[in-house]
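So the structure is just underneath, and the comments pick up after that.
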Amino acid sequence: SNSIVSYVRLLTSAELRTNQDEYAAFVVHPETQESMSIIAFCNYFVEGMGKEADHVQMQALSKAMGVNLSVAYLDGSINNDANGDAPVDFVKFDNGGGDSANGIDDVVLLYRPGHYDILEHRAHEHRSSAASALVTPAAME
């Protein structure tokens, strides 16, 4: 799975480097908040493994992949409402292709500090697994 993460990081870096004018005003050092070049930012904070993806990286990834992203942030910064429920804060990253980019539903990610998970939308009814129907002991012989 590190190779997939590396690929996504390189894809994001390519988008940032290719469209520098679009992103330059938003690229800052994550710790000092000082402006920095796109090249340095990509070298240290996009392509480097173990680095957090911030807003500018997520926007670039959305555009590079041609899909809209919706990210649910569960970082503990949201206070409970009057009922004691903690609302989920979704941030949408639009690739510029509209509500349903390329006919593809939004990719929904769950962010926990240091980690993103892909969330799958499922209908309420139970679906049988087509994969389990195709892989039987007889088919493996």
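The values are calculated or read from the model by the stated rules, or taken from the named source; none is laboratory data. In this text the structure is predicted, and so the values were computed from the model without any measurement. Remember, those area values only see protein heavy atoms, side chains included, never the ligands or the DNA or RNA. Shrake-Rupley method; radii C 1.70, N 1.55, O 1.52, S 1.80 Å.
Here are the numbers:
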read-out: Extension gain from Ala25 to Ile104, taking 0.36 nm per residue of separation minus the Cα-Cα distance; value: 25.5 nm
read-out: Accessible heavy-atom area order of Thr12, Thr32, highest first, probe of 1.4 Å; value: Thr32, Thr12
read-out: Segment Ile118-Ala40, extension gain: residue separation times 0.36 nm, minus the distance between their alpha carbons; value: 25.2 nm
read-out: Convex hull projection area averaged over all views, region 1-77, Cα basis, nm²; value: 5.7
